[in-house]
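Below: the structure, in structure tokens.
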Amino acid sequence: MKQPVRIAVTGAAGNISYSLLFKIAAGEMLGADQPVILQLVEIPQAMDKLRGVAMELEDCAFPLVHGISLHDNPFDGFRGIHYAMLVGARPRSKGMERADLLEANAVIFAEQGKALNEVANRDVKALVVGNPANTNCLILSRNAPNLDPSQFCAMTRLDHNRAKGILGNKLGVNPSDLDGVCVWGNHSPTMYPDVHHATVLGEESAISQIDEKWYKEDYTPRIQKRGAEIIEWRGLSSAASAAQAALDHMHDWALGSNGEVVSMGIISDGSYGVAKGIYYSFPCVCEFGSYQIIQGLEINEYGQSMMKKTEEELLSEKAAVDHLLPAETAESREN
Ligand code: NAI
């Protein structure tokens, strides 16, 4: 029997976690032979609700769950963790400007970065789900100078899964028969879903079957605004699909993507001319617990302009929180 690994989940009493926790506990993230200890983190006002969630986890009698602890602060909740699923974030309230939202979350993720830096296992892998995910991830990483920036990711896997699901449906193939689809940039309506390198069943190029007008005028805005479309129909934001994406992301990062292309919001190393030091979604493959950006993809003029636009948005988000970033940073160490 393997030793249990410690997994922290923030926002553990929220909607996404209500799907995510039960999937992790069932072994869907790290495998059916990997015991887990769940360290659930919430804000003090949500601790009662969290207790109820923990009771339900207990009532499932999951054999892989070797412990559950509840915490109202990250310095306790992140102690010794191997994986951090950072779902909790401050939602946009009425009248709140984008800059206010960025700042409110900067405070949360700065504290969580410091906590990871101090108390997490040195090999921790942290995934930021809470929005604005890419910039939250930047703040998190910059506040954890003793951890490597590659130990942090922003979740763009939901956009990736949406891009595959909707394209598969259009082409009449199972999404698992598609590979090479990816999403570049920010988890926001500027993201660029790219199907130019997609293959069907490993060889046939999918792009020859895709109508350009449909791709640019229907598919792309649909992926970019899918979150809003879900809210419009369901009256609530994506929860089960977000939980599945978080699970897929961490599963592949930890155990490998089997050669498949996956989209991950990772620290830019300047690949494809993207500014260094921002968390930008790139096409990656995962193996042996780490990821590699797929290099050498040909990007046409349309793609380049789409990639630039989403990069510019991330740079403007970074500028809005720059005053909150510590001076001595992981980025400056890297350069
Ligand atoms: P929710 O509002 O149901 O739950 C959020 C939970 O986080 C609440 O229980 C709240 O008390 C908790 N929380 C807030 N601040 C916290 C802190 N500092 N520490 C610990 N917990 C904290 O929201 P839901 O639906 O679960 O979504 C969570 C986040 O995920 C949102 O920011 C949402 O925008 C984002 N999201 C991201 C997606 C992505 O693809 N990256 C997709 C869907 C949602």
* Asked: Is it true that A25 is under 16 Å from A243 (Cα atoms), surrounded by 14 or more Cβ atoms within 10 Å (Cβ to Cβ) and more than 10 Å from the ligand (Cβ to nearest atom)?
  -> yes
* **F109 vs. criteria under 21 Å from the mean Cα position of the chain (by Cα), within 15 Å of the ligand (Cβ to nearest atom) and over 27 Å from S316 (Cβ atoms)** => no
* Structure fact -> Selection over region 222-279 where residues are of a type in the set (S, T, N, Q), touching a Phe, Trp or Tyr at 6+ places or on another chain (Cβ under 9 Å) and assigned to a helix (DSSP H, G or I) yields a count of 2
* Can you confirm whether region 11-18 contains a residue that is farther than 16 Å from A126 by Cβ, within 9 Å of the ligand (Cβ to nearest atom) and outside any helix (DSSP H, G or I)? => yes
* Pairs, first more than 22 Å from Q151 (Cα to Cα) in region 83-108, second of a type in the set (V, I, T) and within 11 Å of the ligand (Cβ to nearest atom), C-beta under 7 Å, six or more apart -> R90/I108
* Considering only region 78-104, state which residues are assigned to a loop (DSSP other than H, G, I, E, B), modelled with pLDDT under 90 and of a type in the set (A, V, I, L, M). => M96
* **Residue in region 28-51 that is surrounded by the most Cβ atoms within 10 Å (Cβ to Cβ), counting only those that are farther than 14 Å from H82 by Cβ and away from the ligand (no atom under 16 Å from the Cβ)** => E28
* Asked: What are the residues in region 39-77 that are in a helix (DSSP H, G or I) and charged (D, E, K, R), if any?
  -> D48, K49, R51, E56, E58, D59, D76
* For L158: the one exception among (1) at pLDDT below 95; (2) buried (at least 24 other Cβ atoms within 10 Å of the Cβ) -> (1)
* To do: Go through region 128-149 and give me each residue that's within 9 Å of the ligand (Cβ to nearest atom) and in contact with a Cys (Cβ under 8 Å, 6 or more places away or on another chain).
  => V128
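The values are calculated or read from the model by the stated rules, or taken from the named source; none is laboratory data. Here the structure is a predicted model, which is why all the values come from computation and not from measurement. Every residue, glycine among them, receives a Cβ derived from its backbone with ideal geometry; neighbour counts consider all protein chains shown.
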